[in-house]
Amino acid sequence: MANILVCEDEKNTLAMICKLLKGNSLVEEIFPASCGNEAVEIIKKQSPHILLLDIDLPDIDGIEVAKIANTFDPDTSIVFITGYPDYAHESFIVHPYDYILKPIDIERFNQTINNLIVKRESSMLDNKLKIAEIFPVRIKNKILFLNIKDIIFIEKNGKDTTIHTRKGPFMCNENLKDIESELNSHFYRTHKSYIVNIGMVECIESLGDSYEISFYGYDKKAYMSKGKYLFIKDKISV
């Protein structure tokens, strides 16, 4: 869900945009404004998530409104809706998500709004999962939410990936590169086929050209390349 500000000095266009937004189930609240100063006051008080701005306004133009909005919240999404293509280059300074020309293409408008809201919801969910230290894993036709603290190590074997946890192993099709990017600094890529929770390591034993890693309360082993040994040795203060 998203709150959206619409700043447009043409009454009929403003009414049309608001009507389109009211028909979108993903839109929670709509704030209409007919000039730049009114839009700025709404931004200060309501902190809308998305700004739909005309550029050629009777007081301050839409680009200036966007600049002001960015000082309050740089994550605010901006879409310009204007009849003037010449402003496109100038508008890039505020990094708009889209630049829609009038007359408005309704299909493109709806797609832009939906994409922005889905993007925002996805980002919010990612942040919440990181704060909660939850790692979602796709396993066949379901999503399993693992507590990051329960993950002991992750192993890649051919096309299969096994996530070893305190509750046992779980198999999925995720690749290690994607998994590694989602984990926190307690995890380290010890080998091309292994990611290890450093806090769970009990022992590292030399096997000649590689090292075997043992874990507290878990009988499965992970492995480490010789080149990674010095780094992980320093990390766990061996």
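Quick note: the coordinates plus some simple rules give every number you see, no bench work behind them. Remember, it's a predicted structure, so these values are computed and weren't measured experimentally. With ideal geometry, Cβ positions are generated from the backbone for all residues, glycine too; neighbour counts draw on all protein chains shown.
Dipole of the chain computed with +1 at Lys/Arg Cβ and -1 at Asp/Glu Cβ about the Cα centre; of His186, Phe215, Leu116, farthest Cα towards the positive end is Phe215.
Consider the candidate values (1) 1.44; (2) 1.67; (3) 1.09; state which one is Cα Rg over 2.2 N^0.38 Å computed from the structure displayed. Here the calculated entry is (1).
Let me make sure I get this right: for segment 1-65, a, b and c are the square roots of the gyration tensor eigenvalues over alpha carbons, sorted descending. Under 1.5 in a/c it's rounded, otherwise prolate if a/b > b/c, else oblate. Which is it? Intermediate values should be presented prior to the final figure.
Values: a/c = 2.38, a/b = 1.33, b/c = 1.79.
In terms of gyration-tensor shape, oblate.
Phi angles of segment 159-167 translate, via the Karplus equation with coefficients 6.51, -1.76, 1.60 and θ = phi - 60°, into HN-Hα couplings of 8, 8, 10, 10, 9, 8, 10, 5, 9 Hz per residue; Gly and Pro are given as x. Using the rule -39500 (n - 2.57) for each DSSP H run of four or more residues, divided by the residues of the chain, the 222 nm mean residue ellipticity is -10500 deg cm²/dmol. The average projected area of segment 1-113, computed from the convex hull of its Cα atoms over all directions, is 6.1 nm². Roughly how tilted is helix 106-132, in degrees to the nearest 10 and between 0 and 90, from the longest Cα axis of the chain? Once rounded, the angle reads 40 degrees. Output the 0 to 90 degree angle, nearest 10, between the alpha-carbon long axis of helix 226-235 and the longest principal axis computed from the alpha carbons of the chain. Helix 226-235 sits at roughly 70 degrees to that axis. Note on Lys22: lysines with a C-alpha under 30 Å away, same-chain residues under 8 apart excluded, are Lys11, Lys44, Lys45, Lys67, Lys102, Lys119, Lys128. Relative protection proxy for 218-225, 201-208, from highest mean packing down: 218-225, 201-208 (other beta-carbon atoms within 10 angstrom).
Applying 0.36 nm per residue to the separation of Phe92 and Leu125 and subtracting their alpha-carbon distance, the gain on full extension is 9.1 nm.
The angle separating the long axis of helix 36-46 from the principal Cα axis of greatest extent in the chain is about 40 degrees.
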